[in-house]
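Worksheet: the structure to be examined is printed underneath.
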Amino acid sequence: MFWGFFYLVLSPPFTAADECSHFWKIHLLASGHFGTKKLTSDVMLGIPRGKILSQSGEYIPLGMVKAGYRNIKTRGRLTEKTSFEVTKEILSYPLQKDIQVFNTFPVPFYSGLSYLTSIPVMKVMQISKVNPGWMMYFLRLVSLFTYTALIYAAIKITPVKKWL
């Protein structure tokens, strides 16, 4: 638990390979969206592409999208570094819930059950207009407690060689 908390705080937000996708999916589930939309446009992530593309995604608050893409250069690349200044910037982004932008992302196909403890926490944070960077840290903490509790329960019900 100590090391989990240590890495939870030490790792900058949105640097893990699929962290944004899970974050955005939790947001969608907490908002009552259980699927994604299809958008046909010649613009992808605000950049004109010159040809019509079909994309799947969902409308997400601008602050969440900006926070999620701020560390894109370091995402999944262990040799790339980010700075504390970038983390402070992410933690300062407002949610901007009233400005929704269509965001394409690979939607995780996990069932909503795997996000069961994160969804109510996300809902409260949405209502409270918590900054997206802080949302990420709170959701990491929820996951740490959830999976620690699940591991504890699994060990407790193991019929042989119990540790606890």
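The values are calculated or read from the model by the stated rules, or taken from the named source; none is laboratory data. Predicted model only: the values in this text are computed from it and were never measured. Using ideal geometry, Cβ is built from the backbone for each residue, glycine included, and neighbour counts are taken over all protein chains shown.
In the stretch 48-156, counting only helices (runs of 4 or more DSSP H) that sit wholly within it, the ones holding 2 or more residues that are of a type outside the set (A, V, I, L, M) and buried (at least 19 other Cβ atoms within 10 Å of the Cβ) span 62-70. Only one of the numbered conditions (1) closer than 30 Å to Thr79 by Cα; (2) among the β-branched types (Val, Ile, Thr); (3) outside any helix (DSSP H, G or I) is not met by Val9, and that is (3). Residues that are assigned to a loop (DSSP other than H, G, I, E, B), of a type in the set (A, V, I, L, M, F, W, C), modelled with pLDDT of 75 or more and within 30 Å of Glu85 (Cα to Cα) within the stretch 12-45 comprise Phe14, Ala16, Ala17, listed in sequence order.
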